[in-house]
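S.K.: This structure is in structure tokens; I'll ask about it shortly.
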Amino acid sequence: MKAQLVKWIPLATCLLLSACASGPNTQVNYIKATERFEGTLPCSGCNGVDTDLVLQRDAITGAPGGFYLHEIKIDAPGGERVNTSWGNWHKNQNINDLKNQLYVLSPEVGETRVYLKLDNGDLQPLNEQGMPAIDEDGESVALQLLTPNLSTPTDADENN
């Protein structure tokens, strides 16, 4: 009898430990330390501006950090065709619609740029009057988010 009991003790111990090992599901909030956006924006003196924007965040807090912006003018006649800038950025509330976020880029050299974060994660550039930039067909344009969203669907709205 004792021999059979000795055989079952390791099995019972393993079952007990495995039952204790499973705990409650913990929620993980992913912070995008880097977000990348690309697209072609309108240009008054050329056929568009290929734009590549990288936004950096603090990996622990998610607070806005720096940015890197690279632009190439398509078929621009003479002059500078490539522009690269960097600096800091921050988020503001849109005074016209308080649920929308504005991303304000302050380059070390050059003018401040403002983008509206769309529901799908894309960034829509705003002109000096705060209106969405439009192409020659009158359609609004946006930089597409290239960074995948790692959050669960229920968390996605909170991480904007």
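Readers should treat all values here as calculations from the given coordinates under stated rules, not as data from a laboratory. The structure presented is a predicted model; accordingly, all values stated were derived computationally and were not measured. Because the Cβ atoms are built from the backbone with ideal geometry, glycine has one as well, and the counts that use them run over all protein chains shown.
S.K.: Can you tell me the relative contact order of region 34-156? Whole percent, Cα pairs under 8 Å, sequence separation 6 or more.
M.R.: So the answer I get is 22 percent.
S.K.: Using the Cβ atoms and a cut-off under 14 Å, what net charge is assigned to the surroundings of Y103, where Lys and Arg are +1 and Asp and Glu are -1?
M.R.: Taking every Cβ under 14 Å from that of Y103, the sum is +4.
S.K.: On a full-extension model of 0.36 nm per residue, what is the gain between D135 and W86, subtracting their alpha-carbon distance, rounded to one decimal in nm?
M.R.: Difference between extended and current length: 15.1 nm.
S.K.: Using a cut-off of 15 Å between beta-carbons, work out the net charge of the residues near G65 (Lys and Arg +1, Asp and Glu -1, G65 not included).
M.R.: My count for the surroundings of G65 gives +1.
S.K.: For region 48-138, what's the radius of gyration and Dmax over Cα atoms, in angstrom?
M.R.: Considering region 48-138 through its Cα atoms, Rg and Dmax are 14.2, 45 Å.
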